[in-house]
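The structure appears below as structure tokens.
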Amino acid sequence: MADYRFVATVAPGAEEALSAELSSLGIPAKAGIAAVLFQGSLEAGLRACLHSRIASRVLLELSHFPVRSADELFRSVKRIPWHEHIDPDSTIAVDFLGRSGIIRDARFGALKTKDGIVDRLRAETGRRPSVSPQQPDVQINVHLRNNHATVALDLSGQPLHLRGRGRATGPAPLRETLAAALLWITGWPQQQRALLDPMCGSATFLSEAAGWAAGLAPGLHRERWGFDAWKQHDPFLWRALQHQARQQLRDPPSSPTILGRDRAGSSLGAARSNLMRYSLEAWVGLAVQPLEALEAPDGAGVMITNPPYGVRLGQVNELHELYATLGDTMRRRLLGWDCWIFCGEPALAKKVGLRANARHPLKNGPIDCRLLHYPIAASAPVGRGRS
């Protein structure tokens, strides 16, 4: 059985979470920079595609080589036996990341890569593939760093945060993969205590948590993959993995312990639609409830939320009261809970009025964010505050 090298890309700051998640799936992995590396059979790569909630993409490495000139990039790409991977009648696209003193423009790097692929296939078969930037049959990924290129086949196709069956989004939702990474950092998937998002919006956190609790592989409902047209794809292996994943599905509890609250009924409508797409609605309890009137369930658990953090200064100022209310609600209504806030604006985090005991830096797209941990005491504070 062949041994492959894989790269699973991930949001910056979530590398260790992805490495741990893959290890929990029986895939030993090593964290890199915005990526996690692992080796194994083709089954390992397909298993990561099907089961990882945190990975953005899964790439199968085909070659790596130094790049000291544009011609060297072209020649090295052309040496790869593309006829073993790509049908010349299929469509391709090249995603080129990185630059150097030689390759200063990603579009130029992608063009030289495409020329190398096409020339090799034409020489081997007498035919050449067409280029299709939108939904190609086969997508090639090239990463250039420190004058060294890695060429890989994108097994994912579309990014893995696209779980399939569409999505009814609310304003500025988190990507599902990032939400899953944040949940992993809190330790909730490993423990699966009560979970609460008091400002759940379209319920990205809750959908990912419910999928974990239900044993639902996040890729089970996707209909299109980057490996579908790969000449070495093993459809029998893939169907076996899908069958195994279906056998792992669990029945929902009689009373949900994954809870979402929001003051806007319209947001909860989107949340219900998202959950129903994956038959997860029985796993999550939703209710309209403003933050200042939050009623915590009995016992303790994990609270996680992603409040708005504004873009312009005026918007940030308008959110001061929201963050102050959130902090006061946590310390008075969530006694004994582990509370986590994902925040992209330090000035707003200060308005919570509590000292975070841990700060995990992550990227939400281009925004530098922190996942802040506030362990709340089991007894109510003495003194002024809202009730």
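Looking for whichever is assigned to a loop (DSSP other than H, G, I, E, B), exposed (fewer than 15 other Cβ atoms within 10 Å of the Cβ) and in contact (Cβ under 8 Å) with a residue 60 or more places away in the chain here; the options are ARG104, ARG68. Which one fits? Walk me through how you get there before you give the answer.
Working: ARG104 fails: in contact (Cβ under 8 Å) with a residue 60 or more places away in the chain.
Exactly one residue qualifies, and that residue is ARG68.
Listed here are the residues, each with its yes/no results for (1) assigned by TED's automatic domain parsing to the domain that holds SER23; (2) under 15 Å from the mean Cα position of the chain (by Cα).
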{"residue": "ARG128", "(1), (2)": "yes, no"}
{"residue": "VAL131", "(1), (2)": "yes, no"}
{"residue": "PRO136", "(1), (2)": "yes, no"}
{"residue": "GLY164", "(1), (2)": "no, yes"}
{"residue": "ALA180", "(1), (2)": "no, yes"}
{"residue": "GLY187", "(1), (2)": "no, no"}
{"residue": "PRO198", "(1), (2)": "no, no"}
{"residue": "THR204", "(1), (2)": "no, yes"}
Would you mind telling me which numbered condition in (1) touching a helix residue (DSSP H, G or I) at 6+ places or on another chain (Cβ under 9 Å); (2) over 22 Å from PRO66 (Cβ atoms); (3) not in a loop (DSSP other than H, G, I, E, B) ARG127 fails? (3)
What helices (runs of 4 or more DSSP H) lie completely within the stretch 184-271 and have 3 or more residues being touching a strand residue (DSSP E or B) at 6+ places or on another chain (Cβ under 6 Å) and among the aliphatic types (A, V, I, L, M)? 204-214
Here's a check for you: in the stretch 318-338, which residue that is of a type in the set (A, V, I, L, M) and either at positive phi or part of a loop (DSSP other than H, G, I, E, B) (or both) is modelled with the lowest pLDDT? LEU319
Pairing a residue in the stretch 23-45 that is farther than 12 Å from VAL58 by Cα with any residue that is β-branched (Val, Ile, Thr), where Cβ atoms lie under 9 Å and the two sit 6 or more apart in sequence or on different chains, gives ALA29/VAL36; LYS30/VAL36; ALA31/VAL10; GLY32/VAL7; ALA34/THR9; ALA34/VAL10; GLY40/ILE27
Does ARG53 count as out of contact with any strand residue (DSSP E or B) (no Cβ under 8 Å at 6 or more places or on another chain) and of a type outside the set (A, V, I, L, M)? yes
Looking at (1) over 24 Å from THR125 (Cβ atoms); (2) touching a Lys or Arg at 6+ places or on another chain (Cβ under 7 Å); (3) among the basic types (Lys, Arg), can you tell me which one ARG104 breaks? (2)
Which numbered condition in (1) over 19 Å from ALA194 (Cβ atoms); (2) out of contact with any Pro (no Cβ under 7 Å at 6 or more places or on another chain) is the only one that LEU319 fails? (2)
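The values are calculated or read from the model by the stated rules, or taken from the named source; none is laboratory data. Here the structure is a predicted model, which means the values were calculated and not measured. Note: ideal-geometry Cβ built from the backbone for every residue, glycine included; neighbour counts use all protein chains shown.
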